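Heads up: the structure comes next, in structure tokens.
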Amino acid sequence: MGMPLRKEIEDVAVNRNQTAARKHFGLDPESLTLLVTGGSLGAKRINDTVEVSRDLLLAAGIQVLHIVGGKSELPPLKQKGYLRISYCDRMDLAISAADFAI
């Protein structure tokens, strides 16, 4: 019962390697990490809010892995402490990299 998940996602709970996951995305292995998955219907507000909050998050020492979805108007972006991508085919690693998520 419950929501079906790919085995790789279920394995995160048991075999999580946060350092390796962060390195996969080019993120700092030691920094607090926020995962934002705004790649679905209704995501524009989430994506826009994270975009206008980016400097504040970085100033607070929170790095961000931001998955905006293929229909977002926000282009891919990589800067120190922030990675914005349209699509992620390794959600197991994205979840492993995160300390918390939106």
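The values are calculated or read from the model by the stated rules, or taken from the named source; none is laboratory data. Please read all numbers here as calculations on a predicted model, not as lab measurements. Here Cβ is always computed from backbone atoms with ideal geometry, including for glycine, and neighbour counts include all displayed protein chains. The accessibility values were calculated without ligands, DNA or RNA, using every heavy atom of the protein model including side chains. Shrake-Rupley method; radii C 1.70, N 1.55, O 1.52, S 1.80 Å.
Counting only residues that are part of a helix (DSSP H, G or I) and either in contact with a Pro (Cβ under 7 Å, 6 or more places away or on another chain) or at pLDDT 95 or above (or both), region 21-46 holds 4 of them. Could you tell me whether region 79-95 includes any residue that is of a type in the set (Val, Ile, Thr) and open to solvent by 30 Å² or more (accessible area, probe 1.4 Å)? Within region 79-95, one or more residues are of a type in the set (Val, Ile, Thr) and open to solvent by 30 Å² or more (accessible area, probe 1.4 Å). Of all residues in region 80-99, those that are closer than 16 Å to Ala20 by Cα and charged (D, E, K, R) have Cβ atoms under 7 Å from Cβ atoms of residues that are assigned to a strand (DSSP E or B) and modelled with pLDDT of 95 or more, 6 or more apart or on another chain, in Asp99/Leu32; Asp99/Thr33. Number of residues in region 54-70 that are over 11 Å from the mean Cα position of the chain (by Cα) and surrounded by 14 or more Cβ atoms within 10 Å (Cβ to Cβ) equals 5.
Can you confirm whether region 39-48 contains a residue that is closer than 13 Å to Ile102 by Cα, surrounded by 19 or more Cβ atoms within 10 Å (Cβ to Cβ) and among the hydroxyl-bearing types (Ser, Thr, Tyr)? Checked against the condition, which is being closer than 13 Å to Ile102 by Cα, surrounded by 19 or more Cβ atoms within 10 Å (Cβ to Cβ) and among the hydroxyl-bearing types (Ser, Thr, Tyr), region 39-48 yields no hits at all.
For Val50, the conditions (1) in contact (Cβ under 8 Å) with a residue 40 or more places away in the chain; (2) part of a loop (DSSP other than H, G, I, E, B) all hold with the exception of (2).
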